[in-house]
1. Given labels modelled 7 Å from the Cα in the Cβ direction, how far is it in nm from K359 to K227?
2. Can you compute the FRET efficiency between D215 and D38 using 1/(1 + (r/R0)^6), with r the Cβ-Cβ distance and R0 = 35 Å? Round to the nearest 0.05.
3. Taking a ≥ b ≥ c as the square roots of the eigenvalues of the Cα gyration tensor of the stretch 253-379, is the shape rounded (a/c under 1.5), prolate (a/b larger than b/c) or oblate?
4. Say the cut-off is 22 Å between C-alpha atoms; which of K105/K198; K66/K366; K105/K188; K66/K364; K60/K313 go over it?
5. Spin-label point model (7 Å from Cα, Cβ direction): what's the T308 to V51 distance in nm?
6. Assuming 0.36 nm per residue, please report the length gained on full extension of the stretch E200 to N76 beyond their Cα-Cα distance.
7. FRET efficiency for S264 and D137, Cβ-Cβ distance as r, R0 = 25 Å, nearest 0.05?
8. Please give the FRET efficiency for D159 paired with A249, using the beta carbon to beta carbon distance and R0 = 35 Å, rounded to the nearest 0.05.
Amino acid sequence: MPKTSTNARFRKPFSPARAVKLCAKSHGSAIRYATLEDRLGVGLSSHTRIVYVFSDAGTKPRDGFKAATRMIGINNKPTVEVRFYTEYVVTDPPGYRTTIVHEMKHAGFIGLMGHPYDDLPKWVREGLAVWGSEDVDLRLQTVLCNEIVANRDPMGVLDGIDDPHHTVSDYLEDALAFEWLHTKGPDKVKAFCRRLIKGESHRKIWADLSGATYDEAMAEANAYCRKRVAAALGKAYNEFAALRNANYAAINRGGQAVKKWLDSGAEQRLRNWLAANQGHPAEPFARFCLGRAYIYAGDHAKGRELMTHILQKDGGRCSLLDDAQFWIGVSYNHQRDHRNANAAFGVLLRDFSTSRHTKQLIGKLKPAGPVTRSPENRIRERRSRPSSRRPQSSSPLKNSLGLLAPPDHDEPVLAAVGGGLSQGHLPPAGDLSDRSGLQGASLAGVVPGDGEGAFGLG
Ligand SMILES: [Zn+2]
């Protein structure tokens, strides 16, 4: 039985029923076991004891993990505890579903192999989990998009499959390694799993199934990863990078310059790029850049439309949701629509508690109220918590933060810069550059987008 979440969306009257429903979905998961068996050739259901726990991540980014898994003992039986951070569950349902299957794979293998599973290198444990949960394509999208947002060379994530320094970005290479093995024959990954469970060395199996030495096979797999990622990026990546750089340059010159830049043909070029490159890893960020440019240029409705698109459609393939929510608030604020600005920032506080944007709002605005799912609940909600969905005041940002509404001239506006909301220009494009590592990646509010496995077991 899961703990009742304290996340606002799960509060009564929606919790614990909602959490239990989600949990039941996790448990009644014959389909998910079938997916794993189909992909890995191993029946895991009878070997798996899992307890699902839901808890809030709070304001801790937790290195971007959506869930953490660890071994515990219940009635003297080893059991895997999968702890989901509810913020990700509610904001990224597709990612949540994938994460369940991913963790079920870990749990099943632990049930079958016991502690030797711990001794396997991470690339084997995580690669099989991503492959087994049919998450390779989305993982490719998310990891590459995060690198692009962070202004890093996306090819740079390919630092070697069995590179000992392992972060969540490396899960992409791990999974592509098994995709490569799959190209050698449709049953190769299954054979790998079956022999692994019998206790054979992963190096020996890898070599045998590849018909080469371990090192030769690894070199070929690494080359496959480079080819696969290069193909996913294609020419379109360079085209987008040029547009993005011009976008940064315009933003650093202010709102008027952004408007000029858009009017000079950049708007159409970005729109053409988006139309021609649906499914490209940079697509959500291209949408974000255009939406943000609209907001800088004062074309707020168009800007918010693109940010809303990101929130509604791009979850699971990028980590820009909190940025999109934040910029909706900034946009309303710029228009002096404090009611809608506060509502948007309230949603940011409620749903993206780990975002760096959130930190500057905590204690200054209240989170939005729970999301109602049915008319009945909506009525009950209105009666029982009449003020929870109302703005806190007509202008709490102005009143409680000592902030000013946007000035009369068009460029400097109220926005978040660095560590706190202040009067000034919109966040400069430079916010998005010069970032490194997870800490750096969060500078643009980009909570590293991966999830799971933050435990000794992977
Ligand atoms: Zn994992």
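1. Modelled inter-label distance: 4.3 nm.
2. Calculated transfer efficiency: 0.70.
3. It comes out prolate by the Cα gyration axes.
4. From K105/K198; K66/K366; K105/K188; K66/K364; K60/K313, over 22 Å: K66/K366; K66/K364; K60/K313.
5. Reported label-point gap for T308 and V51 is 4.4 nm.
6. Stretched fully, the E200-N76 segment lengthens by 41.8 nm.
7. 0.10
8. Efficiency for this residue pair is about 0.70.
Any read-out appearing in this document is the output of simple, stated calculations on the displayed coordinates, not a laboratory observation. Since we're looking at a predicted model, the values are computed, not measured. Using ideal geometry, Cβ is built from the backbone for each residue, glycine included, and neighbour counts are taken over all protein chains shown.
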